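Undergrad: Got a structure here, written out as structure tokens. Questions coming.
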Amino acid sequence: MAHQWRGVIREYAERLPVTEATKVITLGEGGTPLVHAEKLSELTGSVVYLKVEGMNPTGSFKDRGMTMAMTAAVEAGAKAVVCASTGNTSASAAAYATAAGLKCAVLVPEGKISMGKLSQAIAHGATLLQVDGNFDNCLDIARKLGESYPVFLVNSVNPARIQGQKTGAFEVVDALGDAPDIHVLPVGNAGNISAYWKGYKEYSAPFESGTAGTLPAVSTKTPAMWGFQAAGAAPFVAGHPITEPDTIATAIRIGNPASWDTAVAARDESGGLIEAVTDEEILDAHRWLSSKEGVFVEPGSAAGVAGLIKKHAAGQVPTGKTIVITVTGHGLKDPQWALRTADGSDVQPVSVPNDVVSVANELGLDAK
Ligand code: AN7
């Protein structure tokens with residue numbers, strides 16, 4: 001029988017705060033590939049998978065939360081939504097607001113979001129304001145707008161967002177048959193690590209569904225949550241907010257994460273960790289993924305992989321385990337990093353004359 005993936009709300013409706021009557025705003029998000037990472041598995045001696053969230057409709061994991069947030073906005077009778085963003089949230093909010101028929105305003109740090117994300121927000125007709133400040137300043141303003149003006153806040157301080165994002169953990173367990181031993185991911189505003197942990201916990205115990213009674217546990221265990229921040233924007237490592245966060249990984253250039261307490265709980269309850277990786281380690285991991293695994297991500301998305309490689313080099317990754325790394329956003333969001341070599345120089349595409357012999361020569365091919 002014909003079946004199309006229905007988006008995370010309908011696929012996991014029994015475990016989300018929705019009913020049959022809910023008007024669902026969806027673009028078909030979720031159902032993303034869990035790709036076996038052969039080279040990372042060889043390197044570490046564990047079985048490593050990549051949860052490729054760049055395959056969502058707007059190219060990042062944010063769509064899982066945005067379908068819930070926009071559904072909640074419509075349910076609340078909102079006419080306009082607002083968010084602060086390092087880029088991906090704004091792209092997602094703009095697309096889902098369009099699908100919902102709502103106005104959308106996005107606040108981004110001036111000059112610090114990638115061209116791909118900027119163009120998405122504009123393409124979807126959002127009102128985009130570049131704030132003379134960083135993401136944390138943008139979020140502060142967005143929260144105040146939500147409190148004092150008739151706009152609905154769709155940042156992850158809205159619990160609907162975390163509800164939607166927890167479905168990432170459900171999909172991992174549904175694909176593997178149980179939870180992994182370790183789940184690795186980048187940490188910025190810390191919504192995603194909080195959401196995955198919530199999802200893993202809910203799947204490992206009987207669940208009181210609003211619509212389907214008590215659902216049995218799906219997994220037998222929960223993973224250790226390993227989060228990685230960019231070294232210049234690592235408040236969890238410092239133990240306090242950072243006023244001037246800085247990293248080339250603009251997606252995670254965040255100094256005062258909104259989901260602080262839930263992220264710390266995810267780390268501690270799971271027996272996990274939150275550590276830092278340098279921009280250089282992030283770019284190395286970015287290159288590793290594209291050149292060895294065939295998976296193209298944006299720099300911020302490579303922070304988890306950078307962390308795993310770093311921990312392995314320090315002899316701190318166990319062998320024989322199952323490890324899942326969420327790679328959070330698509331490489332095409334921020335493509336210029338691929339056009340740089342490891343030593344920082346620009347890659348120059350080779351130009352050739354319009355004839356086969358010249359092309360064969362350039363390729364080093366001898367005629368058969
Ligand atoms: C690719 O879009 O905060 O720890 O405003 O875009 O849940 O914040 C993006 C964050 C990781 C960090 N990877 O996730 C925004 C925004 C990518 C991201 C994160 C982000 P959280």
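Undergrad: Take region 129-158 and flag every residue that is of a type in the set (A, V, I, L, M) and more than 21 Å from the chain's Cα centre (by Cα). Lay out the reasoning, then the answer.
TA: Let us first name the residues in region 129-158 that are of a type in the set (A, V, I, L, M), namely 129, 131, 139, 141-142, 145, 151, 153-154, 157.
If the condition is that a residue be of a type in the set (A, V, I, L, M) and more than 21 Å from the chain's Cα centre (by Cα), then L129, V131, I141, L145, V151 are the ones that fit.
Undergrad: Can you confirm whether T247 is over 25 Å from K198 (Cβ atoms) and not acidic (D, E)? Break it down into steps so the answer makes sense when it comes.
TA: Numbers: over 25 Å from K198 (Cβ atoms): yes; not acidic (D, E): yes.
So T247 fits the description; yes.
Undergrad: Right, something else. From L50, L27, L16, L34, which residue is under 30 Å from W288 (Cα atoms) and away from the ligand (no atom under 16 Å from the Cβ)? Show your work before the answer.
TA: Details: L50 fails: away from the ligand (no atom under 16 Å from the Cβ); L27 fails: under 30 Å from W288 (Cα atoms); L16 fails: under 30 Å from W288 (Cα atoms).
When all the criteria are applied, what remains is L34.
Undergrad: For residues that are under 18 Å from E75 (Cβ atoms) and not basic (K, R), tally how many sit in region 93-117.
TA: Residues that pass the stated criteria total 9.
Undergrad: I've got another one for you. Within region 258-278, is even one residue within 18 Å of G329 (Cβ to Cβ), among the hydrophobic types (A, V, I, L, M, F, W, C) and free of Cβ contacts under 8 Å to residues at least 60 places away in the same chain?
TA: yes
Undergrad: When you go through (1) under 29 Å from A13 (Cα atoms); (2) within 15 Å of the ligand (Cβ to nearest atom); (3) assigned to a helix (DSSP H, G or I) one by one for D136, which number turns out not to apply?
TA: That leaves (1) as the condition not met.
Undergrad: Further, regarding this structure: Every residue in region 314-344 that is more than 16 Å from the ligand (Cβ to nearest atom) and either among the β-branched types (V, I, T) or not in a loop (DSSP other than H, G, I, E, B) (or both), please.
TA: Scanning region 314-344 gives V317, T319, T322, I323, L339, R340, T341.
Undergrad: Quick one: S291 ticks every box in (1) open to solvent by less than 10 Å² (accessible area, probe 1.4 Å); (2) out of contact with any Asp or Glu (no Cβ under 6 Å at 6 or more places or on another chain) bar one, so which box is it?
TA: It fails just one condition, (1).
Undergrad: Looking only at region 83-103, count every residue that is within 14 Å of the ligand (Cβ to nearest atom) and in contact with a Ser or Thr (Cβ under 9 Å, 6 or more places away or on another chain) and tell me the total.
TA: 13
Undergrad: Among the residues of region 168-214, write down those that are over 12 Å from the mean Cα position of the chain (by Cα), more than 23 Å from A13 (Cβ to Cβ) and among the aliphatic types (A, V, I, L, M).
TA: Within region 168-214, just I182 meets the criteria.
Undergrad: Spot the failing condition for G164; the list is (1) touching a residue at least 12 places away in the same chain (Cβ under 8 Å); (2) more than 19 Å from A72 (Cα to Cα), and only one is missed.
TA: (2)
Undergrad: For region 24-82, give me each residue that is aromatic (F, W, Y) and touching a Pro at 6+ places or on another chain (Cβ under 8 Å).
TA: Y49
The values are calculated or read from the model by the stated rules, or taken from the named source; none is laboratory data. Everything quoted here is computed from the prediction, not taken from an experiment. So basically every Cβ, Gly included, is an ideal-geometry build from the backbone, and we count neighbours across all protein chains shown. Side chains are part of the model used for accessible areas, which takes the heavy atoms of the whole protein and leaves out ligands, DNA and RNA. Shrake-Rupley method; radii C 1.70, N 1.55, O 1.52, S 1.80 Å.
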